[in-house]
Amino acid sequence: MGSDFGSLSSLGIGSGVLTSNVIDKLKNADKEIMVKPIESKLELAKKKEKALSEFQAIGAIVKTDMIDLASGSVFAKVNTSVSGSSVSVSASDGVKPQTFDINVNNLAQNDIYESNGFSGSDEVINTSGKDQVLNIGVGGVSSTITLKAGSTLNDLKDTINNANIGITASIIDTGIGNNPYKLILKANDTGAENIIKFNYSGIEDLGLNAINYTSASFNSDTDSINNSGTAQTFKITVNGDEYTMNVADGESVGDFINALNNGNLKDSDGNSLGINATYDNGQIKFKMEAVGDISIDDTNLLSDFNSNTAFTNSNRIQKAGDADFIYNGVEINRSSNKIDDLIPGVTINLSSTGNSTVNITSNIDEITKSIQKFVADYNKMISNLQSLTAFDKDTGNVGLFQGESEFTSLGSSFYSDIFGVVLSDKGEASDRNGNKYTTDITFSATDLGFDYNRTGMISFDADKFKDAYNKNPDLVERFTTTAFTNLKVDFDSKITGDNSSLNLLSQELKTDEKSYKQRMDAMNQFLETKYEIMSKQFAAYDEMINEFNAKSQSLTMMIQQAINAKK
């Protein structure tokens, strides 16, 4: 509203005294007395609030530095190194430092088979004219899958994969010969127990079981295979399923072969086990279209298959096997090459045969870096604190919070938190004769490499700290966690906590700022109203004076005219 005063253009015309400049001077004089002191208090409160916010931000950084030191989690960090190439090792924080040797004799392996070759992946392998039920599994898990009539090699691959039975099937093109396509079966998991089990009777021979079962020698296929004087049972167990057939007393080798080929060997549900049997060079020979755990019971028969069978399989690319290694002199077996149950928190991955030495050590460098960062940030905070509480009698410079107890007590409190901690422990000393004895020792911040100067700054000797830690890690950790826990509690109470003294001071300053602003607004409004009224009064007075001046001039002219007429 002050700008309206100048719009009274006639102000001062009559009097020459009651002008806008006079009103402005009076108004400014009132502002100096009534508004300026409040404005100065407001500006000071804003400066304090800004400086306090910056100091608390630095304090929050320092508190973050000390959290891992107070909790001890930084002491749980470890480094892992391996001498040798047979293993790789990872250790979780908190694992006890240790050294151990591992000599890997054998790696755990998957069971892997390859089929005979086929002309293409679309070659039909179920030519029976009807759906075929096949048994397949790995380890202790076995399932049945149905292969529809007319299914191809690729259909069998997809059916196995879709069954989710722990086996991955794939087809590769070897590029060799007229039948380059082969079905590959691989157990997903390693370990001796995770062998592939597959009974594929009823479809084209995949050649997965290349074991040839061979009997004892006979003179002729008319020789008797059973001369026990009573009927006997011939049994083959395939992956836990038993297939049996009766063998009559006096039954010939030829009849025995025919019975096998005719499917007389059946399980309890009447399902036949596919066998191709022949008589060759005086021996019964047969093979089964089955893979896995196979055992033959020919008790009281003359066949003796178990003693004469070469249990080899050229189609088994890799045999399932356990990992075998020696850990610190102890022989260990595991089904996987990933060993995570030997040492709590430690994972050992076996990668090759051979010997390796593993070292798990405390990450002392990480600990010293954490302390060094704390010291650097703490000293920045103390430097800022000194500026805020400074008093220079020579220059007269005074810090914004000089003399305020919320600030002046901080340095001494933090000093006590660190340098006031003294721990006692049992230590070893020597008498003047060199004899060692146990005594009580004290342990303080200076023993860890901390120091303190008269300005409140902290220094830290990393080498001294490392030396103390190597001699007595448990005591160093206990001291550090105690001191920094004290410091963290003090920070929460004085700087960073919601109810800390500095946070309450910040709220108080914000309240003062709001109050000063309201008082300034009210005082400015008062002066605006006061001088608006005064301006109107000046205008009225000036108009009256102008009228008086005009009448005075008219009267003067009349008198002068009368005087002139008498001359």
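The values are calculated or read from the model by the stated rules, or taken from the named source; none is laboratory data. Not measured: the values here are computed from a predicted model. All Cβ positions, even for glycine, are placed from backbone atoms using ideal geometry, and neighbour counts span all protein chains on display. Surface accessibility is based on the protein's heavy atoms, side chains included, excluding ligands, DNA and RNA. Shrake-Rupley method; radii C 1.70, N 1.55, O 1.52, S 1.80 Å.
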### Message
Which residue is surrounded by the fewest Cβ atoms within 10 Å (Cβ to Cβ), if the candidates are limited to region 400-414 and must be under 45 Å from the mean Cα position of the chain (by Cα) and not in a helix (DSSP H, G or I)?
### Response
Ser409
## Note on the structure
So, first residue farther than 12 Å from Asn359 by Cβ in region 94-105, second residue open to solvent by less than 50 Å² (accessible area, probe 1.4 Å) and acidic (Asp, Glu), Cβ within less than 8 Å, six or more apart or across chains; the pairs are Val104/Asp324; Asn105/Asp324
### Message
Among the residues in region 296-315, are any part of a strand (DSSP E or B), of a type in the set (Asp, Glu) and either exposed (fewer than 15 other Cβ atoms within 10 Å of the Cβ) or more than 34 Å from the chain's Cα centre (by Cα) (or both)?
### Response
yes
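So that you can scan it fast, the table gives a plain yes or no per residue for (1) open to solvent by 10 Å² or more (accessible area, probe 1.4 Å); (2) charged (D, E, K, R); (3) free of Cβ contacts under 8 Å to residues at least 24 places away in the same chain:
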| position | (1), (2), (3) |
| --- | --- |
| Ile125 | no, no, no |
| Asn135 | yes, no, no |
| Ser142 | yes, no, no |
| Leu156 | no, no, no |
| Asn164 | yes, no, yes |
| Asp189 | yes, yes, no |
| Ser215 | no, no, no |
| Ala231 | yes, no, yes |
### Query
Among Thr237, Thr244, which is under 30 Å from Gly117 (Cα atoms) and outside any loop (DSSP other than H, G, I, E, B)?
Thr237
### Task
From the list Ile360, Ile382, pick out the single residue that is more than 12 Å from Met457 (Cα to Cα) and either in contact with a helix residue (DSSP H, G or I) (Cβ under 6 Å, 6 or more places away or on another chain) or hydrophobic (A, V, I, L, M, F, W, C) (or both).
Ile360
### Query
If you check every pair at least six apart or on different chains, which have Cβ atoms under 6 Å apart with a residue in region 395-409 that is under 17 Å from Lys46 (Cα atoms) first and a residue that is part of a loop (DSSP other than H, G, I, E, B) and among the hydroxyl-bearing types (Ser, Thr, Tyr) second?
Gly399/Thr389; Phe401/Thr389; Gln402/Thr389
### Task
Answer with yes or no whether Ser535 is out of contact with any His (no Cβ under 8 Å at 6 or more places or on another chain), open to solvent by 40 Å² or more (accessible area, probe 1.4 Å) and either among the acidic types (Asp, Glu) or assigned to a helix (DSSP H, G or I) (or both).
no
#### Entry: Hits in region 3-56 (condition: modelled with pLDDT under 80 and not in a helix (DSSP H, G or I))
Leu8, Ser9, Ser10, Leu11, Gly12, Ile13, Gly14, Ser15, Gly16, Val17, Leu18, Thr19
### Task
Test Phe460 against the stated conditions and say whether it is buried (at least 17 other Cβ atoms within 10 Å of the Cβ), at pLDDT below 90 and of a type in the set (Phe, Trp, Tyr).
no
#### Entry: In region 465-513, residue nearest to Phe75 (Cα to Cα) [restricted to those that are open to solvent by 50 Å² or more (accessible area, probe 1.4 Å) and of a type in the set (Lys, Arg)]
Arg478
### Message
Suppose we filter region 420-456 for residues that are aliphatic (A, V, I, L, M) and exposed (fewer than 15 other Cβ atoms within 10 Å of the Cβ); how many remain?
### Response
2
### Task
Determine which single condition Glu289 fails, assuming it passes every other condition in (1) at pLDDT 95 or above; (2) surrounded by 16 or more Cβ atoms within 10 Å (Cβ to Cβ).
(1)
### Summary
Considering residues that are in a strand (DSSP E or B) and either open to solvent by 20 Å² or more (accessible area, probe 1.4 Å) or not aliphatic (A, V, I, L, M) (or both), the number found within region 89-102 is 7
### Message
Any residue in region 57-71 that is more than 12 Å from Thr482 (Cα to Cα) and in contact (Cβ under 8 Å) with a residue 60 or more places away in the chain sitting within a Cβ distance under 8 Å of a residue that is among the aromatic types (Phe, Trp, Tyr) and buried (at least 18 other Cβ atoms within 10 Å of the Cβ)? List the pairs, counting only those 6 or more apart or interchain.
### Response
Gly59/Phe491; Val62/Phe374; Val62/Tyr378; Val62/Phe491; Lys63/Phe491; Asp65/Phe374; Asp65/Tyr378
### Query
Within region 498-520, how many residues are closer than 11 Å to Lys48 by Cα and not charged (D, E, K, R)?
3
### Query
For the subset of region 337-389 comprising residues that are closer than 26 Å to Phe325 by Cα and not in a strand (DSSP E or B), which member is most open to solvent (accessible area, probe 1.4 Å)?
Pro344
### Task
Kindly check whether there is at least one residue in region 145-153 that is in contact with a strand residue (DSSP E or B) (Cβ under 6 Å, 6 or more places away or on another chain), in a helix (DSSP H, G or I) and surrounded by 13 or more Cβ atoms within 10 Å (Cβ to Cβ).
yes
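Looking at Ile294, is it under 29 Å from Ile136 (Cβ atoms) and at pLDDT 95 or above?
Answer is no for this residue.
May I ask you to verify whether Asn194 is outside any strand (DSSP E or B) and within 23 Å of Thr299 (Cβ to Cβ)? Write out each step before concluding.
Details: outside any strand (DSSP E or B): yes; within 23 Å of Thr299 (Cβ to Cβ): no.
No, not satisfied.
Scan Ile225, Ile317, Ile236 and give me the residue that is β-branched (Val, Ile, Thr), farther than 30 Å from Ala108 by Cα and in contact with an Asp or Glu (Cβ under 8 Å, 6 or more places away or on another chain).
Numbers: Ile317 fails: farther than 30 Å from Ala108 by Cα; Ile236 fails: farther than 30 Å from Ala108 by Cα.
Within the list Ile225, Ile317, Ile236, the selection yields Ile225.
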### Task
Could you list, in sequence order, all residues of region 77-88 that are out of contact with any helix residue (DSSP H, G or I) (no Cβ under 9 Å at 6 or more places or on another chain), outside any strand (DSSP E or B) and surrounded by 14 or more Cβ atoms within 10 Å (Cβ to Cβ)?
Gly84, Ser86
### Message
I'm trying to understand the selection: among the residues of region 427-457, which are among the charged types (D, E, K, R), at pLDDT 90 or above and out of contact with any Ser or Thr (no Cβ under 8 Å at 6 or more places or on another chain)?
### Response
Asp447
### Query
What is the number of the single condition among (1) among the acidic types (Asp, Glu); (2) part of a strand (DSSP E or B); (3) surrounded by fewer than 14 Cβ atoms within 10 Å (Cβ to Cβ) that Asp324 does not meet?
(3)
### Message
Cβ-Cβ distance below 7 Å, separation of 6 or more or different chains: which pairs start in region 297-311 with a residue that is farther than 19 Å from Ser252 by Cα and end on one that is among the hydrophobic types (A, V, I, L, M, F, W, C) and modelled with pLDDT under 90?
### Response
Thr309/Ile211; Phe311/Ile211
### Query
Given Asn105, Asn116, which one is in a strand (DSSP E or B), open to solvent by 10 Å² or more (accessible area, probe 1.4 Å) and not small (Gly, Ala, Ser)?
Asn105
